[in-house]
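The structure under discussion appears below in the form of structure tokens.
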Ligand code: NAD
């Protein structure tokens with residue numbers, strides 16, 4: 001039985017590592033996110049049952065990502081982590097219980113849209129944008145400053161001369177994605193699988209003219225190192241980012257109960273189709289920064305946040321969307 005488990009664990013680790021490579025290095029996913037997530041869950045369950053089979057390089061232990069040699073490397077002072085996943089209301093209730101066991105009953109949550117793009121880190125010195133990087137493997141990313149400077153919603157100068165690093169999701173709006181794939185089709189070129197992969201592919205080009213032509217945008221969602229920022233909550237941090245001139249997503253909401261969070265996130269399952277950009281879920285974060293500090297991190301993700309993943313969209317819908325919009 002253990003031999004069987006060992007064999008399956010190895011099989012899943014290898015398979016998921018290959019899928020990570022296709023997705024993060026080639027920007028060409030071999031399987032759907034839902035299929036990937038299901039295999040990762042199977043691996044995670046087997047590893048929990050047989051902890052002796054967990055290896056440090058298992059996809060359950062590492063931030064899946066890659067660093068292309070073509071770019072200068074950037075070491076993140078604050079690691080850029082992944083997020084734990086919830087696939088239904090009960091997973092969110094379990095998360096709520098874990099949080100309350102650690103910090104007590106009085107917890108406020110912020111719920112945000114989970115934008116389906118590429119995580120980037122933006123560094124500002126004295127209010128000037130000086131460096132932008134990809135997440136990479138979480139510790140080391142790629143310096144893509146020149147490409148990020150072409151994104152008009154990234155401020156090059158902030159409204160105050162502060163020094164700070166922020167994190168956000170660079171993404172390709174649906175309209176830009178449809179136009180890009182239409183153009184690729186006309187040129188007989190291979191199409192991008194989805195806006196996420198198109199955004200990642202555009203930002204990891206050596207020719208900045210390509211990124212500039214792709215109409216990318218960004219939503220900034222956190223401050224990596226607070227520094228002297230006058231804030232004690234995540235929601236306060238987002239409001240502060242607004243005052244500095246960053247583009248944050250306004251669909252966020254704070255809640256005092258997980259049941260209200262659940263109602264809110266489930267409500268977005270259908271509404272998301274009307275958004276002009278792709279989201280692949282919702283992110284729920286503990287609002288108090290003191291509580292966040294108390295909860296801390298695992299090797300791969302913060303214990304104070306979780307990603308609620310929507311059920312996979314039908315492939316037919318995506319194809320129909322493309323046909324309708326061209
Ligand atoms: P993740 O995408 O599930 O969550 C972490 C990321 O969410 C962050 O890095 C950030 O970029 C993003 N994010 C968007 N909005 C955010 C917000 N408001 N606040 C905080 N973060 C926000 O985890 P991951 O480790 O980046 O990627 C793993 C996922 O990627 C898998 O679960 C799978 O769905 C997909 N994937 C798919 C394949 C495939 O072959 N289809 C391969 C590898 C990974």
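To keep it simple, each residue is scored yes or no on (1) touching a helix residue (DSSP H, G or I) at 6+ places or on another chain (Cβ under 8 Å); (2) under 17 Å from residue 70 (Cβ atoms); (3) surrounded by fewer than 20 Cβ atoms within 10 Å (Cβ to Cβ).
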site: 122; (1), (2), (3): yes, no, no
site: 135; (1), (2), (3): no, yes, no
site: 143; (1), (2), (3): no, yes, yes
site: 146; (1), (2), (3): yes, yes, yes
site: 152; (1), (2), (3): no, no, yes
Of the residues that make up the stretch 18-28, is at least one under 23 Å from residue 307 (Cα atoms) and touching a strand residue (DSSP E or B) at 6+ places or on another chain (Cβ under 8 Å)? no
In this structure, is residue 121 assigned by TED's automatic domain parsing to the domain that holds residue 157 and closer than 23 Å to residue 303 by Cβ? yes
Can you find, within the stretch 33-51, the residue that is farthest from the ligand (Cβ to nearest atom) among those that are touching a residue at least 24 places away in the same chain (Cβ under 8 Å) and within 16 Å of the chain's Cα centre (by Cα)? 34
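Restricted to the stretch 65-109, and to residues that are farther than 17 Å from residue 261 by Cα, free of Cβ contacts under 8 Å to residues at least 60 places away in the same chain and not in a helix (DSSP H, G or I), which residue is farthest from the chain's Cα centre (by Cα)?
104
Matching residues to (1) more than 30 Å from residue 179 (Cβ to Cβ); (2) not in a loop (DSSP other than H, G, I, E, B):
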{"position": "231", "(1), (2)": "yes, no"}
{"position": "239", "(1), (2)": "yes, yes"}
{"position": "250", "(1), (2)": "no, no"}
{"position": "271", "(1), (2)": "no, yes"}
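Residues are listed down the side, and each one gets a yes or a no for (1) closer than 20 Å to residue 34 by Cα; (2) within 12 Å of the ligand (Cβ to nearest atom); (3) loosely packed, with under 15 Cβ neighbours inside 10 Å:
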| site | (1), (2), (3) |
| --- | --- |
| 53 | no, no, no |
| 60 | yes, yes, no |
| 80 | no, yes, no |
| 83 | yes, yes, no |
Take the conditions surrounded by fewer than 13 Cβ atoms within 10 Å (Cβ to Cβ) and within 28 Å of residue 142 (Cα to Cα) and apply them to residue 70. Does it pass? yes
Per-region count, the stretch 11-30, residues exposed (fewer than 14 other Cβ atoms within 10 Å of the Cβ) and either near the ligand (Cβ under 8 Å from one of its atoms) or within 20 Å of residue 53 (Cβ to Cβ) (or both): 3
Expected single match for touching a residue at least 12 places away in the same chain (Cβ under 8 Å), within 11 Å of the ligand (Cβ to nearest atom) and under 25 Å from residue 60 (Cα atoms) among 302, 311 is 302
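Can residue 307 be described as in the same structural domain as residue 102 (by TED's automatic domain parsing) and either assigned to a helix (DSSP H, G or I) or in contact with a strand residue (DSSP E or B) (Cβ under 7 Å, 6 or more places away or on another chain) (or both)?
Yes: the conditions hold for residue 307.
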Restricting to the stretch 272-284, count the residues that are within 26 Å of residue 107 (Cβ to Cβ) and either in contact with a helix residue (DSSP H, G or I) (Cβ under 7 Å, 6 or more places away or on another chain) or modelled with pLDDT under 95 (or both). 4
Which residue, of 69, 90, is at pLDDT 95 or above, over 20 Å from residue 300 (Cα atoms) and out of contact with any helix residue (DSSP H, G or I) (no Cβ under 9 Å at 6 or more places or on another chain)? 90
Check off (1) under 21 Å from residue 287 (Cβ atoms); (2) more than 16 Å from the ligand (Cβ to nearest atom); (3) assigned to a strand (DSSP E or B) for residue 131 and give me the number that stays unchecked. (1)
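The values are calculated or read from the model by the stated rules, or taken from the named source; none is laboratory data. All of these numbers come straight from a predicted model, not from anything done at the bench. Every residue, glycine among them, receives a Cβ derived from its backbone with ideal geometry; neighbour counts consider all protein chains shown.
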